[in-house]
Structures are given as structure tokens and as C-alpha cells.
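For reference, the structure is listed below as C-alpha cells.
FYI, it's all coordinate maths here, none of it is from the lab. Quick caveat, the model's predicted, so the values are computed rather than measured. Cβ sites come from the backbone with ideal geometry, for glycine too, and all protein chains shown count toward neighbours.
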Amino acid sequence: MISTRRESGVLVCELGGRLDATTAEAAGEELLSLVAAGSSRLLLNLSSLDYVSSMGLRVFVRAAKAAHAAGGALKLCSPTAPVAKVLEISGMDNLLDMHADESAALAAF
């Protein structure tokens, strides 16, 4: 569900599939462990994420709080249309640091 790579000192995490009640706990634990291991600058690329539920949104918020507490930041980029709609309806697009594409998000770090 999550693949990672480093770009300019930022850990880019590509999320795929669905982020819902079935997958949210494992995904959240993985992101929190990445932050705990020293990767406090995270970029979540959502270009392969098909669906996000309210539990998935909590994963984003928890990871953002953890990154911030570790002196870093979490940014999101490239949401698919269904995911962008959920982020907009929930107001998370204003709460989280969203970018249209990966290059813009990386430039914002």
C-alpha cells in the first residue's frame, strides 16, 4: 500500500489502493514509524489512491501532527478526483498542506 523513496531530503510515500477501515491502522502505524525513525519531512503522493474514508483522513492528520512534533512537516500531493472530493468535502484540503503535483510539493519544503 505504501512505497517510499527519497527526493531532496524528503521521504516521498506513494499511497495506493484504498485507505479505509481495513487498511488505515496499518498505514498509520507505518507512517508513524517512519517519522519515529527520523523521516520527519514526509510527502504523501496520492496519485494512486483510489479511495479514502474518514479513518484514512485521520491517518493524514496523525502523521502530520507527528511530523510537526518531530520538527518536520507533512505535505500531500496529486490526489485522484475521488480523494480530492473527500478532502474538499471534509475541509481537510484547507487543514493539510496540499499541492497539485509532486514537484510543487517538494519545492514547498
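Laid out as a table, the results:
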item: Residue identified as polar (S, T, N, Q) and on the phi > 0 side of the Ramachandran plot among Ser8, Ser48; result: Ser8
item: Sole residue being part of a helix (DSSP H, G or I), of a type in the set (Gly, Ala, Ser) and either loosely packed, with under 14 Cβ neighbours inside 10 Å or touching a residue at least 24 places away in the same chain (Cβ under 8 Å) (or both), chosen from Ser47, Ser39, Ser33, Ser3; result: Ser33
item: Per-region count, the range 69-109, residues within 17 Å of Ser40 (Cβ to Cβ) and touching a residue at least 12 places away in the same chain (Cβ under 8 Å); result: 13
item: Single residue of the range 1-58 satisfying the filter (of a type in the set (Lys, Arg) and within 12 Å of the chain's Cα centre (by Cα)) that is nearest to Asp97 (Cα to Cα); result: Arg41
item: Qualifying positions in the range 63-109 - among the basic types (Lys, Arg) and either touching a Gly at 6+ places or on another chain (Cβ under 6 Å) or outside any helix (DSSP H, G or I) (or both); result: Lys75
item: Conditions (1) surrounded by fewer than 16 Cβ atoms within 10 Å (Cβ to Cβ); (2) in contact (Cβ under 8 Å) with a residue 24 or more places away in the chain: number failed by Lys65; result: (2)
item: Residues within the range 6-30 that are under 13 Å from Ala64 (Cβ atoms) and crowded, with 21+ Cβ neighbours inside 10 Å, tallied; result: 1
item: Of all residues making up the range 63-103, the number that are within 14 Å of Ala27 (Cβ to Cβ) and touching a helix residue (DSSP H, G or I) at 6+ places or on another chain (Cβ under 6 Å); result: 3
